[in-house]
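> First the structure, which I've put down as C-alpha cells, then a few questions once you've had a look.
The values are calculated or read from the model by the stated rules, or taken from the named source; none is laboratory data. Everything numeric in this text was worked out from a predicted model, so none of it was measured. No Cβ is skipped: glycine too gets one built from the backbone with ideal geometry, and neighbour counts run over all protein chains shown. Areas reflect the complete protein model, heavy atoms only, side chains present, ligands, DNA and RNA absent. Shrake-Rupley method; radii C 1.70, N 1.55, O 1.52, S 1.80 Å.
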Amino acid sequence: MEAAPSPQEKYQLITRNLQEVLGEDKLSAILKEREVKIYWGTATTGKPHVAYFVPMSKIADFLKAGCEVTILFADLHAYLDNMKAPWELLELRTRYYENVIKAMLESIGVPLEKLKFVRGTDYQLSKEYTLDVYRLSSVVTQHDAKKAGAEVVKQVEHPLLSGLLYPGLQALDEEYLKVDAQFGGVDQRKIFTFAEKYLPSLGYAKRIHLMNPMVPGLTGSKMSSSEEDSKIDLLDRKEDVKKKLKKAFCEPGNVENNGVLSFIKHVLFPLKSEFVILREEKWGGNKTYTDYEALEKDFAEQVVHPGDLKNSVEVALNKLLDPIREKFNTPELKKLTNAAYPSPSKAKPAEKGTKNSEPENVVPSRLDIRVGKVISVEKHPDADSLYVEKIDVGEPEPRTVVSGLVQFVPKEQLQDRLVVLLCNLKPQKMRGVESQGMVLCASSLGEPRQVEPLDPPAGCCAGERVYVEGYEDGEPDDELKPKKKVFEKLQADFRVSEDCVAQWKQRDFLTKLGSISCKSLKGGSIS
C-alpha cells in the first residue's frame, strides 16, 4: 500500500497549477491537523465545454490529497445572473449539469463516491439562509456588490437587483456548506475577497480561496459558452473537434494566449503526468514529454509544429470525450439535452385549425453576427457608391463584403477598423461582386442622413461572437433563407439607445467584453 501523503505533499497537490491562494497559512495549519473541506460551484447556465476539465483535474488533485470535496450545482445563481437560465428551464439544466459533470469526472478516473453533490436550492430557500441574505444586504453597499460581481455577473447598462444579490449568496454558500475553502477561477477573485470582508460581519469565519488561472479558448481569448468558435462542446462529434482545433489560434513558436498549449498544461499533463506528440517518422516520430516546460520550450523553439500539437491534442481529447458521448447517446439523456437547451431556430408547429400561424421562433440568436476587422477597402469597379472590403471574421480566408458606405465613411476610416458583420445572409452579387456579409451600421432618422458603422468594444478579436442580451445560448442558422425574412423581422426592432448602445427590443448587443455601440447617432436605426 502507498504511504499517505505528508501535509507538505498534500499542500503541493492542492496548490499545483493554481494562479493564486488566499489564506496559505491557514491551509497549511489545517493540513497538519485534519483533512481540508473544499467546495467548487458551477452556475447551471450554458452547456459545459472542455475548459471544465480544468477544474475537474484540480478536483482530482484535491481527492488525491485526501480533501473532502463538495460540488455545488448553483441553480439559483444561474437564474439570478440576468436570468441566464430561465426559471422554467432551471430544473432541466441542473439535471443536465449533474449528469455531464459526473460523466466528465468518470472519464478522468475520479471516484464519485468520494464526492458530495449539492444543489443550491436544496438549502438556499431555507428560512435561515434567507434571513442571512437579508442580514448581509443590510451591511453590503451597492458599490461593493456590483464590484464583486464585475467579472462574473453579466454587466449591463441597467442591472437587475438579482445580479447584486449574487455575490452575497456565493459568500454565504461557504458557511452553509461548512467548508474550509472555496475553489474557482481567478475571475472569481472579487467575489472571494468580498466574502472575506463580509462573512465576519455576520459572525462567520473567513475562508481559504483557491484560484485557477483562466485558460485561453481556441480563439486566444477566454473560452466561453456564448462564443461558439472559442470552445469545444463536450458532446461535439469527432469531426467537429477536428474542425475547431484546426481553426484554433496556435502560431508557430507563440506560447502566449495559446489555448491548445494551455489545455495540455492544465488538463492533460495533470491527469497522466506526460503528453505524447504524435508525428510521422520523417518529422522525427512520436515524442513523449514527461514535463510540460520541456514541451513548451520545444514549441517556442519550433521543434514542435502547431499541426502536430493540434493532432495530438485531438487524439487525447477524444479519449476523454468518448465516454461522455457514449453516456449521452441514450434516449433519456438525448431527451434531457434537447429539453434543457431547446434550439430557438426549430420551427414551432402551428396549432390545428389556425390560419396565418407564425411557424418559426424569430429570435436574435438565429443571426450569426461577429466582430470583423477590415483588412482592405477599395471602390467597387462598377459602382461609385459602393466599397468592396476584405474582412477578417476569424475564418481561414477573409470575406468579401460590398457596402454602400462611400458617401458616409471615408476609405481611410474603414481601413483596419473593427466592424460588426452579419455573416449568415445568403451571399448575393452586387453589381457583379458577390457579397458574403453585411456591415451593420447606425443610421440617423432625420435629414441629411448620417451613417456610422457599429463599434465593438476595444480589445475584441476578429471572429468573436456578437449576441443579444438574454439570447447567448442559441445556435445561429447556417444560412438565413431570404423568403423567411428572419433578419428583416428582427431588424424592425433594432435601435440605438440614448447612450449610443445598439439594442434589440431594449436588450443590448454584446460581446464578452461589453456592449456594441456607435459614436453619436442616439435613437437611430440599425441596418
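> Quick one: check the C-alpha center-to-center distance for the range 46-116 versus the range 473-527, whole angstrom.
Using only Cα atoms, the two centres lie 33 Å from each other.
> Scan the range 19-106 for trypsin sites (Lys or Arg not before Pro) in coil per DSSP, keeping those whose Cβ has at most 14 other Cβ atoms within 10 Å, and list them by number. Let's see the in-between values first.
On the way: sites: LYS26, LYS32, ARG34, LYS37, LYS58, LYS64, LYS84, ARG93, ARG95, LYS102; in loops: LYS32, ARG34, LYS84.
Hits after loop and neighbour filter: LYS32, ARG34.
> I need the shape label for the range 7-212. Rule: rounded when a/c is under 1.5, else prolate if a/b > b/c, else oblate, with a, b, c from the alpha carbon gyration tensor.
Working: a/c = 1.71, a/b = 1.21, b/c = 1.42.
Oblate is the answer for the range 7-212, as a/c is 1.5 or above yet b/c matches or exceeds a/b.
> Cross-link partners among aspartates and glutamates for LYS197, C-alpha distance below 20 Å, same-chain residues fewer than 8 apart left out?
Straight-line reach from LYS197, under 20 Å: GLU20, GLU24, ASP25, ASP132, ASP144, GLU151, ASP173, GLU174, GLU175, ASP180, ASP187.
> Also, I was wondering about something else. Order the peptides 232-238, 14-20, 44-50 from the highest to the lowest mean number of other Cβ atoms within 10 Å of their residues.
Working: 232-238: 18.1, 14-20: 15.4, 44-50: 22.3.
Output ranking for 232-238, 14-20, 44-50: 44-50, 232-238, 14-20.
> Hey, what angle do you get for helix 331-340 against the long axis of the chain, alpha-carbon based, 0 to 90 degrees rounded to 10?
Tilt relative to the chain: about 60 degrees.
> Only sites in a loop by DSSP and with at most 12 other Cβ atoms within 10 Å count here; which GluC sites (Glu not before Pro) in the range 245-325 make the cut? Could the numbers behind the result be given before it?
On the way: sites: GLU256, GLU274, GLU280, GLU281, GLU293, GLU296, GLU301, GLU314; in loops: GLU256, GLU274, GLU280, GLU301.
Answer in residue order: GLU256, GLU280, GLU301.
> Moving to a separate point now. Taking all protein chains as present, what is the carbon and sulfur share of the accessible area of the chain, in % to the nearest whole number, probe 1.4 Å? Provide the component values of the computation, followed by the final result.
Values: 12520 of 25270 Å².
Reported share for carbon and sulfur atoms: 50 percent.
> For the range 364-526, with every protein chain kept in place, what is the accessible area per residue (1.4 Å probe, Å²)? Present the calculation step by step, with values, prior to reporting the outcome.
Values: 7750 Å² over 163 residues.
Per residue, the range 364-526 has 48 Å² of solvent-accessible surface.
> In terms of Cα to Cα distance under 19 Å, which aspartates and glutamates are near enough to LYS102, apart from those fewer than 8 places away along the same chain?
The qualifying aspartates and glutamates are ASP61, GLU68, ASP75, GLU91, GLU113, ASP122, ASP233, ASP236, ASP322, GLU326, GLU332.
> Using θ = phi - 60° and the Karplus form 6.51 cos²θ - 1.76 cosθ + 1.60, what ³J(HN,Hα) does each residue of the range 6-21 get, whole Hz, x for Gly and Pro?
6, x, 5, 5, 5, 4, 4, 5, 5, 9, 5, 6, 7, 8, 7, 10
> Report which label in (i) 192; (ii) 232; (iii) 160 holds the value of volume of the Cα convex hull per residue in Å³ derived from the coordinates of this structure.
Of the listed options (i) 192; (ii) 232; (iii) 160, (i) comes from this structure.
> In the full protein assembly as shown, how much of SER262 is accessible to a 1.4 Å probe, in Å² to the nearest 10?
20
> If one takes the longest principal axis of the Cα atoms in the chain, at what angle in degrees, from 0 to 90 and to the nearest 10, does the Cα axis of helix 189-198 lie?
50
> Ordering PHE249, PHE263 by accessible area with a probe of 1.4 Å, largest first, what comes out? Working shown, then result.
On the way: PHE249 65, PHE263 15 Å².
Putting PHE249, PHE263 in descending order of accessible area: PHE249, PHE263.
> In what order, largest first, do LEU336, LEU513 sit by accessible area if the probe radius is 1.4 Å?
Values: LEU336 10, LEU513 90 Å².
Ranked list, largest accessible area first: LEU513, LEU336.
> Could you pull out the trypsin sites (Lys or Arg not before Pro) across the range 356-465 that fall in loop regions by DSSP (anything but H, G, I, E, B) with no more than 16 other Cβ atoms inside 10 Å? Walk me through the numbers before you get to the answer.
Numbers: sites: ARG366, ARG370, LYS373, LYS379, LYS390, ARG399, LYS411, ARG417, LYS429, ARG431, ARG449, ARG465; in loops: ARG417, ARG431, ARG449.
Here the trypsin sites (Lys or Arg not before Pro) that fit, given the DSSP loop and packing criteria, are ARG417, ARG431, ARG449.
> Once phi is turned into ³J(HN,Hα) by the Karplus curve 6.51 cos²θ - 1.76 cosθ + 1.60 with θ = phi - 60°, what whole-Hz value does each residue of the range 378-385 show in order, with x for glycine and proline?
3J(HN,Hα) across the range 378-385, in whole Hz: 9, 5, 4, x, 10, 8, 5, 8.
> May I ask you to give the solvent-accessible area per residue for the range 119-220, in square angstrom, as obtained with a 1.4 angstrom probe?
Numbers: 4400 Å² over 102 residues.
Accessible area per residue: 43 Å².
> Could you tell me whether the range 364-526 comes out rounded, prolate or oblate from its Cα gyration tensor? Rule is a ≥ b ≥ c as square roots of the eigenvalues, rounded for a/c under 1.5, then prolate if a/b exceeds b/c, otherwise oblate. Numbers along the way, then the final one.
Values: a/c = 1.36, a/b = 1.17, b/c = 1.17.
Cα axes put the range 364-526 in the rounded bin.
> Got the relative contact order for the chain handy, in percent, Cα pairs under 8 Å and 6 or more residues apart?
On the way: 964 pairs, mean separation 58.4, N = 527.
Relative contact order for the chain comes out at 11 percent.
> What is the dipole size for the range 364-526, taken about its Cα centre, with +1 at each Lys and Arg Cβ and -1 at each Asp and Glu Cβ, in debye to the nearest 20? If you can, show how the numbers build up before the last one.
Working: 24 positive and 27 negative charges, 90 e Å.
With only Lys, Arg, Asp and Glu charged at Cβ, the dipole is about 440 debye.
> May I ask you to give the solvent-accessible area per residue for the range 1-58, in square angstrom, as obtained with a 1.4 angstrom probe? It would help to have the intermediate numbers written out before the result.
Numbers: 2890 Å² over 58 residues.
Value returned for the range 1-58: 50 Å² of accessible area per residue.
> Take the residue pairs LYS272/LYS327; LYS37/LYS146; LYS247/LYS505; LYS429/LYS484; LYS47/LYS190; LYS84/LYS335 and return only those whose Cα atoms are more than 27 Å apart.
Details: LYS272/LYS327 23 Å; LYS37/LYS146 29 Å; LYS247/LYS505 34 Å; LYS429/LYS484 20 Å; LYS47/LYS190 24 Å; LYS84/LYS335 21 Å.
Those over the limit are LYS37/LYS146; LYS247/LYS505.
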